[in-house]
Each structure stands twice: as structure tokens, then as C-alpha cells.
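I have placed the structure first, in the form of C-alpha cells, so that the comments after it can refer back to it.
The values are calculated or read from the model by the stated rules, or taken from the named source; none is laboratory data. Computed from a predicted structure; not experimentally measured. Glycine gets a Cβ as well: all are built from the backbone with ideal geometry, and neighbour counts include every protein chain shown. Note: accessible area is taken over every heavy atom of the protein model, side chains too, but ligands, DNA and RNA are not part of it. Shrake-Rupley method; radii C 1.70, N 1.55, O 1.52, S 1.80 Å.
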Amino acid sequence: FPADATVECDDVPGVQTDEIDYSDNCTDVTLAYDGEVRTDGDCDYNYTLVRTWTITDNCENSTSMSQTITVQDTTAPEFTFVPQDNEYSCEMTIPNTNAEASDNCGDVTVTFEDAIIDGNCPQSYTIVRTFTATDECENSSTAVQNIYVYDNTAPEFTFIAADVTIECDEAIPAADASASDNCDLDVEITVDEDTIDGNCPQTYTIVRTYTATDDCGNETTATQNINVQDTTAPVITGE
């Protein structure tokens, strides 16, 4: 007679009537399969089947026996697709591409959660995206995708004060520049000045160097030349 068994949900045996042996002390015997009774468990693929057979002799004496098959789902889903690790510049939109998974018995739900690992600046970091595939009986498996976000782009100047030539008695114009960045909303601009002497004390050039730096240390420079000259002759003020 078929023995009781515990099987995975994708390996439930068929009705094993051909494996049953029987005999009677006097007459022929008739074997009948009485069907199975299912008792549900805590999910669709955890349940019990009780299969019953009855043998009856020609005098209507009968004996029934049952086989109990415990069906369970202990197998976690398997991922069939996981997005590969990738790199994105900080201004790019990071796609929320989900993973895919299959299960030996039922439907699978795939979710993901992101954890952020800081880098060496606000616009440089790693997203550790953990996918979880869960079947209908709460068996689950996980997979990880690493998303590397970087900022390698220097700011760009949107305005720089133009080169100018002035007389030596005019005021030196103030430094003036602005810049924007692909990711950093607050670009720092610093100014350095070098003076190149001319052919007399009142003739010289101020080379003003502007440096725009974002939070990740990417920088770009631009220069403004202020040429100071003395082209005015003296004026006789007395007789």
C-alpha cells in the first residue's frame, strides 16, 4: 500500500492504485478508489491530501486504508533577471528597473529597497538596491544591484566681467562672475589677482582669475584682464 509521504508542492505523486496488493481468504476482491480529501494549510501550497481505497470481497466484507500526503512549499523563488550594476552621472535619472523571478509552484512578488552609502561628496554615492522575491507561502530570496552615482563635471561660467581698459585715475572695477553646475546648486567662486607691471608705475595689467568649484571638487577657471594705462598728459595749473 502506498506509504504516507511529505513532498514539495511541485512533486505531488499521482494516485498509486497500481501499487496496491490485496487478497482475501475465500473470494475474489474488488478494489475501489474512494477519492481524496484536501485539508488546507496556511497557504495555497501547504496542504494535506488523504487518499482512501476500499477492498470488498464477494460477501460484502470490506477494508479501507488511507494514504496521507503532506504537501509543502519550502522552496524560495529564483531570480530570472537582476539589473546589472551600473554607473550614472549625478544629473541623470536613475531608472527603477525591477528584477524578475519565478517559483516552483505559485506567483511571485518582487519588491526592492534602497540603501545609500555616502561617497566623498554629496553628489557621489552608492545606491545598494536589494530585491526581494517572495512566493505565496512567504518563502523569499534576495539579490543586490549596486548603482554608482558620480559627479565628474566641472561647473560652467554663465557670466564673467569683460576685459576692460581704464585710465590710472579710474576706480578698478569689482570682481564679478557667476557659474552653474550640473548637480550642485551652490557653486563657490573664488578670485585671485596678479599684477603685471608695464613700462611705468601707472601702467600695468591686473589679471583676475576666477575659479568655480562644486561640492565634489570639480573646478573650472576663467580670466579677466584689466589694463590700466596713463595716456593723459600733465596739466599746467600755474602761470
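Cβ separations smaller than 7 Å between residues 6+ apart or across chains give the following pairs from the range 213-239 residues that are more than 24 Å from Ile166 (Cβ to Cβ) to residues that are open to solvent by 80 Å² or more (accessible area, probe 1.4 Å) and of a type outside the set (A, V, I, L, M, F, W, C): Thr213/Glu188; Thr213/Glu219; Asp215/Pro122; Asn218/Asn152; Thr220/Glu156.
Scanning the range 207-238 for residues that are of a type in the set (Ser, Thr, Tyr) and open to solvent by less than 30 Å² (accessible area, probe 1.4 Å) yields a total of 2. When restricted to residues that are open to solvent by less than 40 Å² (accessible area, probe 1.4 Å) and without any contact (Cβ under 8 Å) to a residue 60 or more places away in the chain, the range 49-70 contains 7. Filtered by the rule that a residue be over 17 Å from Asp4 (Cα atoms) and either under 60 Å from the mean Cα position of the chain (by Cα) or of a type in the set (Phe, Trp, Tyr) (or both), the range 14-39 gives Tyr22, Ala32. Does at least one position in the range 71-89 carry a residue that is in contact (Cβ under 8 Å) with a residue 24 or more places away in the chain, open to solvent by 40 Å² or more (accessible area, probe 1.4 Å), part of a strand (DSSP E or B) and within 30 Å of Gln16 (Cα to Cα)? Yes, some residue in the range 71-89 is in contact (Cβ under 8 Å) with a residue 24 or more places away in the chain, open to solvent by 40 Å² or more (accessible area, probe 1.4 Å), part of a strand (DSSP E or B) and within 30 Å of Gln16 (Cα to Cα). Exactly one residue among Tyr148, Tyr204 is more than 34 Å from the chain's Cα centre (by Cα), modelled with pLDDT of 95 or more and either within 21 Å of Gln123 (Cα to Cα) or open to solvent by 30 Å² or more (accessible area, probe 1.4 Å) (or both), and that residue is Tyr204. Just give me the residues in the range 185-209 being touching a strand residue (DSSP E or B) at 6+ places or on another chain (Cβ under 9 Å) and under 30 Å from Asp118 (Cα atoms), in sequence order. Residues satisfying the conditions are Val187, Glu188, Ile189, Thr190. Tallying residues that are of a type in the set (Gly, Ala, Ser) and assigned to a loop (DSSP other than H, G, I, E, B) within the range 105-149 yields 1.
Scanning the range 180-212 for residues that are closer than 16 Å to Asn152 by Cα, out of contact with any Cys (no Cβ under 6 Å at 6 or more places or on another chain) and in contact (Cβ under 8 Å) with a residue 40 or more places away in the chain yields a total of 3.
Residues of the range 21-63 that are among the charged types (D, E, K, R), farther than 30 Å from Thr134 by Cα and touching a Gly at 6+ places or on another chain (Cβ under 9 Å): Arg51 alone.
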